[in-house]
Amino acid sequence: MRARNTARNAGPAGAPALTALTGAAGFTGAAGAVAPATPAPGAGGGLGTALAAEHAAVYAYGVLAARAEGSLRSVMTAAFNAHRARRDRLRAMIIERGGTPAEPDASYRLPAVPSTSAQLTDLAVSVERGVTAAYIETVASGDPAVRRMAALAVQECVVRAYGLRPEIETFPGMPAPAPSSPAATPTPPPPS
């Protein structure tokens, strides 16, 4: 039987909060408990922050895939595999640059234990948005290979989030779109 704990954080006491991924959906700052305070040598340009976010995303999607059913499980498993591959690539990039990649924590606290498809989707979208935010610093790297990898990672995260919930967020600093008014129903022409 599945646990239905949606009111409080889930996970072992003392585990870092996964909620540090993003400011969306009740989460807090992108470089919070999940990101290392000081990037490892050779992990400059945001690689350490991105790696920490990928570690948390791999953990989150492991939980999400285990709790999902049917086609949603396939989507969550595919996202798990994509984040794991990206995490492994980041680790290799840090090592190639002479750094020591941070290891993942043993577990992370989820903001709540998702028990419905809607809750699973909400958490997955929040994870994708958080990982996207973590790559922003990396996109500004002076290293063209790092910039390209980060831009592709951002694109993949946005596409995954949009596939889960097809909505587009307003860019920071831009006005929110005006609420759409209901479409007028054309009236039939009078009989002739």
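What to note about this one:
- Among 103-110, 92-99, 126-133, the order from most to least packed when residues are scored by Cβ within 10 Å on average: 126-133, 103-110, 92-99
- Lys, Arg +1 and Asp, Glu -1 on Cβ, resulting dipole of segment 49-164 about Cα centre, debye, nearest 20: 140
- Shape category assigned to segment 52-117 from the gyration tensor of Cα positions, a/c cut at 1.5: oblate
- The dipole here belongs to segment 105-171: it is taken about the Cα centre, uses +1 on the Cβ of Lys and Arg and -1 on the Cβ of Asp and Glu, and is about 60 debye.
Read-outs: derived from the displayed coordinates by stated rules, not from any lab. This one's a predicted model, so the numbers in the text were calculated from it and none came from an experiment. Cβ atoms come from the backbone with ideal geometry, glycine included; neighbour counts cover every protein chain shown.
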